[in-house]
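A quick write-up on the structure given underneath.
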Amino acid sequence: MQRIGVFICWCGSNIAATVDVKKVAETIKSEPGVVYSENYQYMCSENGQQLIKQAIKEHNLTGIVVGSCSPRMHEATFRKTAEAAGLNPYMVEIANIREHCSWIHKDMDEATEKAIVLVRTAIAKVKLNAPLQAGESPVVKRALVIGGGIAGIQAALDIADAGFEVDIVEKNATIGGRMAQLDKTFPTLDCSACILTPKMVDCAQHEKIDILSYSEVEEVKGFVGNFNVKIRRKARYVDETKCTGCKICMEKCPSKKGLNTFNMGLNNRPAIHIPFAQAIPNVAVIDPEQCIKLKTGKCGICQKFCGAGAIDYEQKDTFVEREYGAIVVATGFKPIALDNFNEYGYAENKDVITSLELERLMNAAGPTDGVLLRPSDGKHPKVITFIQCVGSRDTSGCGKPYCSKICCMYTAKHAMLIREKYPDTEVHVFYIDVRTPGKNYDEFYRRAVEQYGVDYIKGMVGKVYNENGKLMVQGSNLIDNEQITIESDLVVLATAIEPEPSIRKVATLLTASIDTNNFLTESHAKLRPVESPTAGVYLAGVCQGPKDIPETVSQASACAAKVIGLLAKDKLKTNPCVAVPDEMMCNGCSQCANVCAYGAITYVDKEFRLGGGKTEIRRVASVNPAVCQGCGACTVTCPSGTMDLKGFSSKQIMSEVEAICKK
Amino acid sequence: MQEVTTKKKEFTPNIVAFCCNWCSYAGADLAGSSRLSYPANVKIIRVPCSCRVNPTFVLKAFQQGADGVILCGCHPGDCHYVTGNYYTRRRMALLFNFLNYMGIEKERTRVEWVSAAEGQRFSAVMNDFVKTITELGENKRLTDLRVKEGE
Amino acid sequence: MKDVELKMLERAKQLLESGEVARVIGWKKGEFYFDPAPASFETVEELGDFVYNGFCGANLSKYLIQASKKEGKTAIFLKPCDSYSFNQLVKEHRIVRENIHVIAIECQGKLDIEKIKAQGISAVTEVEEEGESVTVSSLYGETKLNKAEILLGKCASCKGKTHQVKDEEIILHEMPAPINNRFDEVAKLEAMTEDERFAFWREQLQKCIRCNACRNVCPACSCVKCVFDNPASGIEAKANDDKFEEQLFHIIRAFHVAGRCTDCGECSRVCPQNIPLHLLNRKFIKDIDGLYGEFQAGETDNGKTPLTSYTESDVEPNNALGGEAK
């Protein structure tokens, strides 16, 4: 005989304001099987949990229902509570009367009535719950970091410093990412390379870190603690173990007209190249689209000159397969394409540039050796106009609805640096709002205005057009309420950022959920900000949302802490809610294995007694509970209903359906 | 008195929504924490994945007097279980087509993909579905007379 | 047809006598000429009852589930359409291919005794088939009928005369080309309004007496235990006292065989209430063809079914109505 206890939480006023919690608890008392029903202000509090524990013991409860917030919030809490009181943790069901009830309904009667139905539904289910035991699975003590920008570098270093092996998979020929392209960093104006490159070197020299550059994740199997990842090592046509990074190949290569992507295409580079001076690994790579030898078979000059004999035109993509316990995603961002923003004349005017292009123009290792010269004629610009929020906070559909977060600060930085280096330059900034939350951020911005005399204009720019070689920036000044046109030599667009497009593939491979803007979704916006809902997958940097370097580094270290916490364990508890076949009924038809994404189902020949001393050998399905993830795809494929899912059995779901529909 | 009778006669449909744990249930949670309302006659059943929803559950809901059944899962390609919702998509496309072939109004059944970040969409989908079913009226075709007798 | 029967009998004798096979599955004489029944023959003596005539419509493949597990090889006579079911059973590991010897046999389309009776002819004693016409002999004389009018429903929309599997064949005459009209009836129903369709199916399905003949004969319904007999399923069979139960049973049955049903038509052939059950299965077949590309269950003995596979660009369920990909 079932003895069910029901616990209705007020959640302060969150539930109690719209659901008559006392009435719910009282009404439920008469439900068959319910022997105890109570309401309390905060069930998740120490006292609330104590109340549950006591009731379990005093009333010999066989199952409990907590009417509270979402099970995604506190199911684990109440399971632990039950366990502490000696009840199997899987004899707990949550009725979500907050997110799915009190918070969305205004009418008290209506919400109360619904809460009663939701609690009844949970009771119907819990009556069919069975005690479950979590299994164990071993943890592979190695982490994978996808992306070798500052986020990936920081996470890898922290994990490796804790003594665990880490692989960094970077799709480009070098690690460093976007930060390597920056000139200076706000709010301290440190040289970006000066603070980044030591970390890159640390990665390369760390005995626990393996950098797989020019590589991409191809396939991911397994689950937390036991991921099996296939990595494509793209052919770079240079033997990584032989190349000394002497750059003679770059000098001799006759095909020098490739766009230098590291410099945002502002100058050219040879077909064989090392992306930048401090690249890690300091190994050349050949662009097969540009290489004469690879395209026509004739040339081979770099091979002739390479003293190390590192050039290998025959190199093919190779694959490595490795096991990991945890995965950090740090795939970073790119500035959006400006195709939808013709009004700024970016495509037509060479002197309309993006902020990232400006970074390269200001950088000593950039195309102009750090001298600010405008792209069209190589002259010093005398009037520079910045336009903020290009594609950010844009609800028109052309750009991104979100704030890119970093643009206000880097624009202030740019303005300040230009005024510092070229005091005779006039700098204007069009802005919607200046957003400077952060330590020393507003102070930084104020310095730009007050100390460096940067002209901030509140207003939006309608049009940038070329008139007699001058860029006319036409916009509104909302403070003075007038339309103005600024004759400029250079226009810099603070372009919105978006997740690196390869994130879609990575998200799919990892089954990590993604939002409408292609940012990876965190497990909880406030309380689990670096964890993906997919166990064992962690998020660092802009792949999760726009953020600056300090935030990215903090998040990366937070990820590392999570990963270390995971890898420090020898075994993980597995989800006991897995598929289970009833062998007596199984046909062995093998349809279920066809839909299992994890290969958890195999078939075995088993002997069955038929009665009368006869036996029969039948092929039946067998589920590996350590591999099964509990999706239930097999249960529906199975025509006889042989395959069921623990914790979400057909009967349980049917009983919920019945409880909801019953009028 | 007058008011009570009219209220009684007014048809409020009973809607069963199967939501996958990882996307749509979380989307419903987000709708809740964002206070985005939808009618109280939508009741959610949590399943690990939309692919856990057996056609028998859908039929059971109708048998027991549900007026509409909606399945929500992760967007195709984003399934927490890699491929689960792809199977859901085929199963339900065929099942719903088939139910319509048996004369069941096509509007009574629906599949929507709602991600964990789409609280707004969850609420909009549910409001729209309730509106559709309210206009359609009571489910009389795929229902068990013995259940209805209890009214 | 007589010559085919003789040849089959001769071959069956050979196989049993030589000990190559332990049993032969074929048809044996019934009480009347028109009711031969599937049978397993283990000795030459038993073959005295062997028959193959115009009324041998039954699909024998399902009998292999038990037979192929027994000791020794089993020989079976398969008509072209039965060979699809055979493959499907191999695919689902329900029968052991190595233990079976398949003899592909000729089929000129099988006859429906009910349709003959409907022409006012009773007490049929023999039937002579000559191309498009059929001479039916009864206790009351001979009648010449148009064959097309008295074919079994499933043969009237024959899906092919090619055997999908065979170890040897007994085909003495040319077989008529298949008739590609099997979706016509489904399309007719689709063209109706929802109300009309509902009325149609309600009328049909309320005739159901839940005798389970359809389930028992169906080669795809080969579960050790049917979901309707499984207490854990939540839909185990209940009293036949509400229209919903029949709807549920037939919807679920059709869904369970979707992608696996070879359209052998046995369900409709055996239904004592003459419910056109094949129209349920064919709807699934038609939709699968339209939405996911043509698929014929049983064409091969391996691979996935349309319901255990997918493409990333599959049609959305809400847009799938009408069964054609948009």
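The values are calculated or read from the model by the stated rules, or taken from the named source; none is laboratory data. Just so it is clear, the model here is predicted, and its values are computed rather than measured. So basically every Cβ, Gly included, is an ideal-geometry build from the backbone, and we count neighbours across all protein chains shown.
Screening A:HIS273 against (1) closer than 24 Å to A:ARG178 by Cβ; (2) crowded, with 16+ Cβ neighbours inside 10 Å; (3) in contact (Cβ under 8 Å) with a residue 60 or more places away in the chain leaves a single unmet condition, (3).
Across region A:632-653, the qualifying residues are those that are in contact with a Gly (Cβ under 6 Å, 6 or more places away or on another chain) and at the interface with chain B (Cβ under 7 Å from one of its Cβ atoms), and the one among them that is farthest from A:ILE601 (Cα to Cα) is A:SER650.
None of A:GLU583, A:GLU656 is facing another protein chain (nearest Cβ under 8 Å) and either surrounded by fewer than 17 Cβ atoms within 10 Å (Cβ to Cβ) or among the charged types (D, E, K, R) (or both) except A:GLU656. The set of residues from region A:511-531 being within 12 Å of chain B (Cβ to nearest Cβ) and modelled with pLDDT of 90 or more comprises A:ASN517, A:ASN518, A:PHE519, A:LEU520. If only residues of region C:97-120 that are surrounded by fewer than 16 Cβ atoms within 10 Å (Cβ to Cβ) and in a loop (DSSP other than H, G, I, E, B) are counted, the one that is nearest to the other protein chains (Cβ to nearest Cβ) is C:GLN119.
Close Cβ contacts (under 8 Å, 6 or more residues apart or on different chains) running from residues in region A:62-74 that are under 16 Å from A:LYS127 (Cβ atoms) and more than 14 Å from every other protein chain (Cβ to nearest Cβ) to residues that are outside any helix (DSSP H, G or I) and polar (S, T, N, Q) comprise A:THR62/A:GLN2; A:GLY63/A:GLN2; A:GLY63/A:ASN129.
Pairs linking a residue in region A:479-505 that is crowded, with 23+ Cβ neighbours inside 10 Å to a residue that is assigned to a strand (DSSP E or B) and polar (S, T, N, Q), with Cβ atoms under 6 Å and 6 or more positions apart or on different chains, are A:SER488/A:THR385; A:VAL491/A:THR385; A:LEU493/A:THR354; A:ALA494/A:GLN388; A:THR495/A:THR354. Kindly establish whether A:LYS242 is surrounded by fewer than 21 Cβ atoms within 10 Å (Cβ to Cβ), at pLDDT 95 or above, out of contact with any strand residue (DSSP E or B) (no Cβ under 8 Å at 6 or more places or on another chain) and farther than 20 Å from A:GLY366 by Cβ. It is true that A:LYS242 is surrounded by fewer than 21 Cβ atoms within 10 Å (Cβ to Cβ), at pLDDT 95 or above, out of contact with any strand residue (DSSP E or B) (no Cβ under 8 Å at 6 or more places or on another chain) and farther than 20 Å from A:GLY366 by Cβ. Among residues of region A:337-351 that are under 10 Å from A:GLY399 (Cα atoms), those with a beta-carbon under 6 Å from a residue that is of a type in the set (Phe, Trp, Tyr) at least six positions away or on a different chain give the pairs A:LEU338/A:TYR346. A:PRO375 meets each of the listed conditions (1) in contact with a Leu (Cβ under 9 Å, 6 or more places away or on another chain); (2) touching a residue at least 24 places away in the same chain (Cβ under 8 Å); (3) not assigned by TED's automatic domain parsing to the domain that holds A:GLU420 apart from (3).
All conditions in (1) modelled with pLDDT of 95 or more; (2) over 21 Å from A:SER355 (Cα atoms) hold for A:ASP183, with the sole exception of (2). Here C:GLU196 does not qualify as modelled with pLDDT of 95 or more and away from every other protein chain (no Cβ under 12 Å).
Within region B:61-75, does at least one residue satisfy the condition of being part of a loop (DSSP other than H, G, I, E, B) and more than 7 Å from every other protein chain (Cβ to nearest Cβ)? Taking every residue of region B:61-75 in turn, at least one turns out to be part of a loop (DSSP other than H, G, I, E, B) and more than 7 Å from every other protein chain (Cβ to nearest Cβ).
State whether the residues of region C:294-302 include one that is more than 10 Å from every other protein chain (Cβ to nearest Cβ), free of Cβ contacts under 8 Å to residues at least 24 places away in the same chain and not in a helix (DSSP H, G or I). Scanning region C:294-302, I find at least one residue that is more than 10 Å from every other protein chain (Cβ to nearest Cβ), free of Cβ contacts under 8 Å to residues at least 24 places away in the same chain and not in a helix (DSSP H, G or I), so the answer is yes. Restricting attention to region A:291-333, and to residues there that are among the β-branched types (Val, Ile, Thr) and more than 36 Å from the chain's Cα centre (by Cα), which single residue is nearest to A:ASP570 (Cα to Cα)? This residue is A:ILE311. Could you tell me whether region C:272-283 includes any residue that is crowded, with 20+ Cβ neighbours inside 10 Å, at the interface with another protein chain (Cβ under 7 Å from one of its Cβ atoms), out of contact with any Lys or Arg (no Cβ under 9 Å at 6 or more places or on another chain) and more than 24 Å from C:LYS79 (Cβ to Cβ)? Yes, that holds for at least one residue. For the residues B:CYS79, B:CYS19, the requirement of being among the hydrophobic types (A, V, I, L, M, F, W, C) and modelled with pLDDT under 95 singles out B:CYS79.
This table checks each residue for (1) part of a helix (DSSP H, G or I); (2) crowded, with 22+ Cβ neighbours inside 10 Å.
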{"position": "C:GLY72", "(1), (2)": "no, no"}
{"position": "C:ALA75", "(1), (2)": "no, yes"}
{"position": "C:ASP82", "(1), (2)": "yes, yes"}
{"position": "C:LEU89", "(1), (2)": "yes, yes"}
{"position": "C:ARG94", "(1), (2)": "no, yes"}
{"position": "C:SER122", "(1), (2)": "no, no"}
{"position": "C:GLU129", "(1), (2)": "no, no"}
{"position": "C:LEU145", "(1), (2)": "no, no"}
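Note on region B:37-49: among residues that are assigned to a loop (DSSP other than H, G, I, E, B) and more than 7 Å from chain A (Cβ to nearest Cβ), the one that is surrounded by the fewest Cβ atoms within 10 Å (Cβ to Cβ) is B:PRO39.
Only residues that are within 12 Å of chain B (Cβ to nearest Cβ), part of a loop (DSSP other than H, G, I, E, B), surrounded by 14 or more Cβ atoms within 10 Å (Cβ to Cβ) and touching a residue at least 40 places away in the same chain (Cβ under 8 Å) were counted in region A:99-140, giving 2. Going residue by residue through region A:48-58, is there one that turns out to be within 14 Å of chain B (Cβ to nearest Cβ) and surrounded by fewer than 22 Cβ atoms within 10 Å (Cβ to Cβ)? Within region A:48-58 (the criterion being within 14 Å of chain B (Cβ to nearest Cβ) and surrounded by fewer than 22 Cβ atoms within 10 Å (Cβ to Cβ)), the answer is no, since none of the residues qualifies. Among the residues of region A:110-154, the one identified as of a type in the set (Ser, Thr, Tyr) and within 22 Å of A:GLU83 (Cβ to Cβ) is A:SER137. Does any residue of region C:142-162 turn out to be without any contact (Cβ under 8 Å) to a residue 12 or more places away in the chain and of a type in the set (S, T, N, Q)? No, that holds for no residue. Scanning region A:26-47 for residues that are part of a loop (DSSP other than H, G, I, E, B) and either surrounded by 14 or more Cβ atoms within 10 Å (Cβ to Cβ) or touching a residue at least 60 places away in the same chain (Cβ under 8 Å) (or both) yields a count of 6.
Taken together, the residues in region A:323-344 that are farther than 24 Å from A:VAL542 by Cβ and touching a Lys or Arg at 6+ places or on another chain (Cβ under 8 Å) amount to 3.
Scanning region B:79-135 for residues that are more than 11 Å from chain C (Cβ to nearest Cβ), assigned to a loop (DSSP other than H, G, I, E, B) and charged (D, E, K, R) returns a single hit, B:GLU118.
Are any of the residues in region A:565-582 farther than 21 Å from B:VAL82 by Cα and more than 30 Å from the chain's Cα centre (by Cα)? Looking through region A:565-582, at least one residue is farther than 21 Å from B:VAL82 by Cα and more than 30 Å from the chain's Cα centre (by Cα).
Would a scan of region A:632-645 turn up a residue that is crowded, with 18+ Cβ neighbours inside 10 Å, touching a Phe, Trp or Tyr at 6+ places or on another chain (Cβ under 8 Å) and farther than 28 Å from A:ARG120 by Cβ? Checking region A:632-645: at least one residue is crowded, with 18+ Cβ neighbours inside 10 Å, touching a Phe, Trp or Tyr at 6+ places or on another chain (Cβ under 8 Å) and farther than 28 Å from A:ARG120 by Cβ.
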